[in-house]
Amino acid sequence: MSPIPKTAPFAEEEIDLLNRVVGTASPVQRAWLAGFLAGLDASGVAVLPHPAAPGRPAEPLMVLYASESGNSEKLAGDLAKAARKNGLKPTLIDMADLELSALASARRLVVIAATWGEGEPPARAVRAYNELMGEGAPRLDGVDFGVLALGDTAYAEFCAIGRKIDERLAALGAKRIVDRIDCDLDFAEPAARWIGDAVKVLTPPNSGGQVIEVDFGAKPAASPSTEIIEAEIIEHVDLNSSRSDKETIHLALSFEGGAPAYEPGDSLDLYAENDPVYVDELLKIAGLAGDEKLRTDFIRSRDVTTLSLKAVETYAASTGHQYVKALLADRQAKEWIAGRQLIDLIATFPISLDAEKLRALTRPLAPRAYSIASSRREVGDEAHLLISAVRYDSHGRARKGIASNYIAERLKRGQHVRVKLKPNRHFALPAPNKDIIMVGPGTGVAPFRAFVQERRATTATGRSWLFFGDRTFTHDFLYQLDWQDALKDGALTRMDVAFSRDTPEKVYVQHKLWNRRADLIEWLDGGAYFYVCGDAKAMAKDVRAALVRAYADVKSLTPEAAEHAVVTLEREKRYLQDTY
Ligand SMILES: Cc1cc2nc3c(=O)[nH]c(=O)nc-3n(C[C@H](O)[C@H](O)[C@H](O)COP(=O)(O)OP(=O)(O)OC[C@H]3O[C@@H](n4cnc5c(N)ncnc54)[C@H](O)[C@@H]3O)c2cc1C
Ligand SMILES: Cc1cc2nc3c(=O)[nH]c(=O)nc-3n(C[C@H](O)[C@H](O)[C@H](O)COP(=O)(O)O)c2cc1C
């Protein structure tokens with residue numbers, strides 16, 4: 001029988017420990033121990049806290065993130081920090097670097113995944129995502145997991161990738177111990193709450209954890225400031241000719257206290273305001289035209305154009321509108337909202353509304369990202385942006401993009417705009433002696449102006465080759481003079497252009513890549529880095545496909561081997577994308 005009863009004022013583990021010592025002790029040892037403890041108390045000497053028992057090894061936690069613009073990556077870092085505080089041993093893994101076999105050996109797993117394109121994985125995560133969804137994925141029995149999905153309710157496939165990963169992990173035998181959360185653009189608060197809860201659930205009892213306090217504002221000391229700051233517009237120039245059907249603004253910003261410490265490849269988040277004309281029309285249709293407080297709130301800080309499924313559901317619930325209810329019941333709402341905005345919902349299905357009900361249909365107005373088109377080494381305390389005005393017609397109404405038209409139509413030189421640095425270490429220049437190939441049609445060319453300026457300022461020895469395209473040579477050749485100067489002074493080694501509307505047959509950058517395939521593959525074989533920026537829907541996919549075909553043709557490879565050559569570039573981080 002054990003000498004120390006279970007009722008002793010010690011923890012169960014300590015009772016076991018004491019029993020192991022006292023239970024096997026000889027009568028002499030027991031007598032000595034009794035005397036020693038009695039003497040210790042009598043002497044009045046405080047019992048020193050005993051040296052911590054050798055800590056048990058921290059329980060591992062794999063934190064996997066699939067990110068393009070850095071939000072999931074940032075949250076993964078926050079989660080790892082909270083987990084470490086709670087006694088876990090987190091390992092952060094970018095899905096770009098994931099070896100699938102590592103998943104099977106993870107005991108605890110958190111996945112933070114964004115959705116891009118139209119329900120697609122972030123570009124860097126595509127390979128590992130496809131492997132996870134494929135037949136070769138390993139069984140994950142014994143893995144406990146939770147998924148945090150990031151997305152945007154403006155997209156039909158809201159949080160599709162997080163949802164699919166969540167389903168797939170369960171199908172492979174992993175055990176969901178934290179329910180998934182699907183976050184919209186205003187994810188900061190719900191994500192922070194989920195992270196706190198998830199870390200608690202994932203921490204095994206008695207692992208030495210403390211109360212979790214996640215300081216989401218904290219940044220590593222060396223990171224550049226990512227506060228919202230005011231900038232003055234010192235240049236505002238339309239780079240298209242007056243005869244172009246496009247309007248692309250070159251915006252030069254200056255910063256009173258110095259420009260944020262941006263690097264080539266980074267973006268600025270720009271905080272825009274809504275078009276007062278649109279807001280007035282919306283309020284009029286809703287019967288709330290005189291509400292000045294709501295008007296100001298709508299112009300400055302609410303997303304009053306996006307029409308999400310959630311907004312339709314809220315409208316049906318708060319107004320009881322029978323036709324809107326029917327639209328949802330017939331599962332036609334998703335189709336109906338395509339190409340429509342909030343104003344269409346109110347105009348098509350009018351009903352008496354108050355300010356609160358209307359406001360409940362909106363979400364906070366999110367900033368828009370713009371690639372920085374300058375290098376601080378060349379422009380000092382300025383930052384340049386290249387912004388294309390988004391305008392189109394749909395369902396019989398003329399539509400205007402919020403931020404791009406705020407800049408193009410309503411802001412002038414001398415006015416101020418609020419911006420925040422959005423660093424992107426995944427789209428950075430390589431060492432100055434490395435060759436770079438840049439594919440950037442339209443506004444996709446913006447970061448490459450920063451690259452070329454930086455290479456000039458650092459007298460880089462690596463060669464640089466730019467593929468640019470737009471509609472017409474005469475009216476749409478963005479930064480034409482800059483490229484000519486760069487070709488002259490050697491900051492740019494080579495340039496190919498594709499103007500789609502100058503010839504009867506449309507020519508795009510991918511066609512130029514194909515025409516130059518022998519040189520292209522030679523550069524890549526010599527260690528060149530390949531960058532793509534701009535349209536994600538078609539261009540980025542077509543460019544990748546052209547490169548695969550170029551490998552197959554130049555090196556006489558099978559399609560599979562050519563695909564493998566591009567995957568190898570991606571894994572070596574020599575195929576880099578920043579597409580939108
Ligand atoms: C990392 C990153 C870098 C970027 N860099 C740049 C840059 O350098 N320059 C630049 O101009 N943009 C850039 N963008 C895009 C930019 O952030 C904005 O998305 C863009 O300016 C549109 O914003 P907006 O507020 O004007 O339009 P919004 O009000 O957001 O409206 C755009 C929406 O309108 C709809 N829409 C647009 N066209 C049509 C159409 N023809 N038919 C039907 N619906 C349509 C789509 O739903 C689209 O999402 C970048 C984006 C990212 C993520
Ligand atoms: C070009 C583009 C396409 C997007 N497509 C989707 C989508 O299809 N579904 C969705 O839920 N969110 C979509 N989003 C929103 C992103 O998932 C969201 O901005 C997320 O916070 C990005 O996280 P990341 O920074 O980790 O990449 C898209 C965003 C952009 C800019």
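The values are calculated or read from the model by the stated rules, or taken from the named source; none is laboratory data. Keep in mind that what you see is a predicted model, and the values were worked out from it rather than measured. Glycine also receives a Cβ, built like all others from the backbone with ideal geometry; neighbour counts cover every protein chain displayed. For accessibility, only protein heavy atoms count, side chains too; no ligands or nucleic acids. Shrake-Rupley method; radii C 1.70, N 1.55, O 1.52, S 1.80 Å.
Taking segment 114-158 as the range and being of a type in the set (Asp, Glu) and at pLDDT 95 or above as the test, the residues that pass are Glu120, Glu131, Glu135, Asp141, Asp144, Asp152, Glu157.
If I ask for residues that are acidic (Asp, Glu) and part of a loop (DSSP other than H, G, I, E, B), which ones from segment 547-580 would you list?
As a first pass, look at segment 547-580 and keep what is acidic (Asp, Glu): 553, 560, 563, 570, 572, 578.
Within segment 547-580, just Glu572 meets the criteria.
Screening Lys89 on (1) touching a residue at least 24 places away in the same chain (Cβ under 8 Å); (2) over 25 Å from Lys200 (Cβ atoms) shows it passes everything except condition (2). Exactly one residue among Ala311, Ala261, Ala286 is touching a residue at least 12 places away in the same chain (Cβ under 8 Å), buried (at least 20 other Cβ atoms within 10 Å of the Cβ) and away from ligand 1 (no atom under 16 Å from the Cβ), and that residue is Ala286.
Answer yes or no as to whether Val111 is under 23 Å from Glu570 (Cβ atoms), in a strand (DSSP E or B) and touching an Asp or Glu at 6+ places or on another chain (Cβ under 8 Å). Spelling it out, Val111 is indeed under 23 Å from Glu570 (Cβ atoms), in a strand (DSSP E or B) and touching an Asp or Glu at 6+ places or on another chain (Cβ under 8 Å).
Among the residues of segment 529-548, those identified as surrounded by fewer than 22 Cβ atoms within 10 Å (Cβ to Cβ) and of a type in the set (Gly, Ala, Ser) are Ala536, Ala538, Ala545, Ala546.
Residue-level check: of (1) open to solvent by 30 Å² or more (accessible area, probe 1.4 Å); (2) closer than 26 Å to Arg139 by Cα, Asn71 misses just (2).
Filtered by the rule that a residue be assigned to a helix (DSSP H, G or I) and within 16 Å of ligand 2 (Cβ to nearest atom), segment 174-203 gives Ala188, Glu189, Pro190, Ala191, Ala192, Trp194, Ile195.
Sub-6 Å Cβ pairs linking a first residue in segment 336-351 that is charged (D, E, K, R) and at pLDDT 95 or above to a second residue that is within 12 Å of ligand 1 (Cβ to nearest atom) and open to solvent by 40 Å² or more (accessible area, probe 1.4 Å), at least 6 apart or interchain, are Arg340/His395, ordered by first then second residue.
If Lys325 passes every condition in (1) more than 16 Å from ligand 2 (Cβ to nearest atom); (2) open to solvent by less than 40 Å² (accessible area, probe 1.4 Å) but one, which one does it miss? Just one mismatch for Lys325, condition (2). Of the candidates Glu227, Glu256, the single residue that is free of Cβ contacts under 8 Å to residues at least 40 places away in the same chain and surrounded by fewer than 19 Cβ atoms within 10 Å (Cβ to Cβ) is Glu256.
Out of Ala96, Ala114, Ala83, which single residue is open to solvent by less than 20 Å² (accessible area, probe 1.4 Å) and within 16 Å of ligand 1 (Cβ to nearest atom)?
Every option except Ala114 fails the conditions.
Report yes if some residue within segment 339-348 is under 30 Å from the mean Cα position of the chain (by Cα) and within 16 Å of ligand 2 (Cβ to nearest atom); otherwise report no. Looking for residues that are under 30 Å from the mean Cα position of the chain (by Cα) and within 16 Å of ligand 2 (Cβ to nearest atom), one finds at least one in segment 339-348, hence yes. Among the residues of segment 419-446, those identified as more than 19 Å from the chain's Cα centre (by Cα) and more than 13 Å from ligand 1 (Cβ to nearest atom) are Leu429, Pro430, Ala431, Pro432, Asn433, Lys434, Asp435, Ile436, Ile437, Met438, Val439.
For first residues located in segment 481-494 and closer than 14 Å to Ile437 by Cα, partners that are assigned to a helix (DSSP H, G or I) and open to solvent by less than 50 Å² (accessible area, probe 1.4 Å) and lie 6+ apart or on another chain with Cβ distances below 8 Å form the pairs Ala491/Val452; Ala491/Gln453; Ala491/Arg455; Leu492/Val452; Leu492/Trp483; Leu492/Ala486.
Taking segment 349-371 as the range and being among the aliphatic types (A, V, I, L, M) and within 29 Å of the chain's Cα centre (by Cα) as the test, the residues that pass are Ala360, Leu361, Leu365, Ala366, Ala369.
Comparison of Leu109, Leu92 shows that the only residue that is farther than 13 Å from Ala198 by Cα and either modelled with pLDDT of 95 or more or touching a strand residue (DSSP E or B) at 6+ places or on another chain (Cβ under 6 Å) (or both) is Leu92. When Tyr529, Tyr479 are checked against the criterion of being closer than 18 Å to Gly265 by Cα, touching a Pro at 6+ places or on another chain (Cβ under 7 Å) and not β-branched (Val, Ile, Thr), Tyr529 stands alone in meeting it. Suppose the filter is of a type in the set (Lys, Arg) and in contact with a Leu (Cβ under 9 Å, 6 or more places away or on another chain); does Arg517 pass it? Yes: the conditions hold for Arg517. Could you please tell me which pairs satisfy a Cβ distance under 9 Å, a separation of 6+ or placement on different chains, a first residue in segment 60-79 that is more than 22 Å from Ala536 (Cβ to Cβ) and within 16 Å of ligand 1 (Cβ to nearest atom), and a second residue that is modelled with pLDDT under 95 and open to solvent by 10 Å² or more (accessible area, probe 1.4 Å)? Close Cβ pairs (under 9 Å, with a partner that is modelled with pLDDT under 95 and open to solvent by 10 Å² or more (accessible area, probe 1.4 Å)) do not exist here.
Go through Arg449, Arg456 for me and flag whichever is of a type outside the set (Ser, Thr, Tyr), over 25 Å from the mean Cα position of the chain (by Cα), away from ligand 2 (no atom under 16 Å from the Cβ) and under 30 Å from Glu227 (Cα atoms).
Details: Arg449 fails: over 25 Å from the mean Cα position of the chain (by Cα).
Going through Arg449, Arg456 in turn, the sole match is Arg456.
Scanning segment 366-401 for residues that are part of a loop (DSSP other than H, G, I, E, B) and either open to solvent by less than 30 Å² (accessible area, probe 1.4 Å) or near ligand 1 (Cβ under 8 Å from one of its atoms) (or both) yields Ala366, Ala373, Ser374, Ser375, Ala389, Val390, Gly401. Note on segment 429-473: residues that are of a type in the set (A, V, I, L, M) and farther than 24 Å from Gln510 by Cβ total 3. Before we move on, is Arg471 open to solvent by 30 Å² or more (accessible area, probe 1.4 Å), at pLDDT 95 or above, within 30 Å of Arg501 (Cα to Cα) and within 16 Å of ligand 1 (Cβ to nearest atom)? Judged against the criteria, Arg471 is a match. The residues of segment 125-173 that are of a type outside the set (A, V, I, L, M), within 13 Å of ligand 2 (Cβ to nearest atom), open to solvent by less than 60 Å² (accessible area, probe 1.4 Å) and assigned to a loop (DSSP other than H, G, I, E, B), listed by number, are Gly151, Asp152, Thr153, Phe158, Cys159.
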